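For reference, the structure is listed below as structure tokens.
The values are calculated or read from the model by the stated rules, or taken from the named source; none is laboratory data. The shown structure was predicted, so the numbers you read here are calculated from the model rather than taken from an experiment. Methodologically, a virtual Cβ is constructed for each residue, glycine included, from the backbone with ideal geometry; neighbour enumeration extends over all protein chains shown.
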Amino acid sequence: MASLKLEHIKKVYDKNVVAVHDFNLEIKDKEFIVFVGPSGCGKSTTLRMIAGLEDISEGTLMIGDRVVNDVEPKDRDIAMVFQNYALYPHITVYENLAFSLRLRKMDNEEVHRRVCEAAEILGITEYLARKPKNLSGGQRQRVAIGRAIVREPQVFLMDEPLSNLDAKLRNQMRAEIILLRKRIDTTFIYVTHDQTEAMTLGDRIVIMKDGYIQQVGTPQEVFETPKNRFVAGFIGSPQMNFMKAKLVKDGRGYVVALYGIRVPLSAEKAAKLAAKNVSGMDVVLGVRPEHTRLCFDNEADSIEGTLRVNEMMGSELHLHVELSDGESVILRIPTLELTGDQRAALTYGAKIRFSFPEQVCHLFDPKTEESLLF
């Protein structure tokens, strides 16, 4: 097992195209780290540098107490699971699992032990005599993971391993990876563009954009205290609502004014703003769709809008609401909270009102997009 340290890692391609900028991260032994971000953010490039499949332009990569910048991939004691399975189609599942071990001239008895153990962990023992073409997508992905397990590496690298599966299989395989991690208990580095995978799998999440790290933290930390507007909008589904607002200093406290309502901020938030010497200014207020509630009695301190789309999602409704200035927000409302008459009234063009509690408010600087409360 091993820890990893990436210090000032940079990747520059031809014509001075920089894919990864000054990447710094320490990964603890047996930690499950997820790199997440949109396509082109540099997450797979970083993983490939760790694997040795891409040269490091600048910086230092350490696995354990060894600098591995110039160490061949086969000598780094890592195993990688690819998006496209990378199985040999002409040989059986058993031989696919055994292939890398036979290359090492490992004893046949040890090869058999490792293959059978991996097959049992992954529930593919009954498929050992089959060839990959006779397996489903989920079964092929299990075999691909098994090829990594048998090597008993210090570090597992996984590059979007579930992206080729349908939604049901992705959910199933995600649960199996969580169980797998508990059984083999080693260091995992997992790359995905799917924030649901990141939130459910990672001990910590590294959120990337345009080759830069935006934030590193536990799933709860990046959800509850996003460092900037990008992180706030990327984590969560549907994404966080952003509304133009005014921050007003009110004696020792602060009030956020928007769409005719005033939201007094807590003493804790006020202390954070005061520590940064924030005075009255334009801000962007962020509120997650699940933290809103409908108001049916024209309550004070509620915002009015026009319902444009009502998406029935089973246990909840996603209401797309147009505000007075033409901006839109999404409200995520549990159906159990609504009466039949209330649901029937939620039709196109209906005037509705909604509110949210102070504790769920996020504030961002409209120029820098950094959180004022981080």
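Here are the numbers for this structure:
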{"item": "Filtered residues of the range 214-260 (kept if surrounded by 21 or more Cβ atoms within 10 Å (Cβ to Cβ), within 18 Å of Ser328 (Cβ to Cβ) and touching a helix residue (DSSP H, G or I) at 6+ places or on another chain (Cβ under 6 Å))", "result": "Met240"}
{"item": "Number of positions in the range 223-243 that are among the basic types (Lys, Arg) and part of a helix (DSSP H, G or I)", "result": "1"}
{"item": "Any hit, the range 79-94, residues being touching a Gly at 6+ places or on another chain (Cβ under 8 Å), assigned to a loop (DSSP other than H, G, I, E, B) and modelled with pLDDT of 90 or more", "result": "no"}
{"item": "Qualifying positions in the range 42-80 - without any contact (Cβ under 8 Å) to a residue 60 or more places away in the chain and aliphatic (A, V, I, L, M)", "result": "Met49, Leu53, Ile56, Leu61, Met62, Val67, Val68, Val71"}
{"item": "Tally, over the range 272-293, of residues that are surrounded by 13 or more Cβ atoms within 10 Å (Cβ to Cβ) and either within 29 Å of the chain's Cα centre (by Cα) or in a helix (DSSP H, G or I) (or both)", "result": "14"}
{"item": "Conditions (1) part of a loop (DSSP other than H, G, I, E, B); (2) under 16 Å from Phe82 (Cβ atoms): number failed by Met106", "result": "(2)"}
{"item": "Hey, Lys246 among the charged types (D, E, K, R) and over 18 Å from Thr46 (Cβ atoms) or not", "result": "yes"}
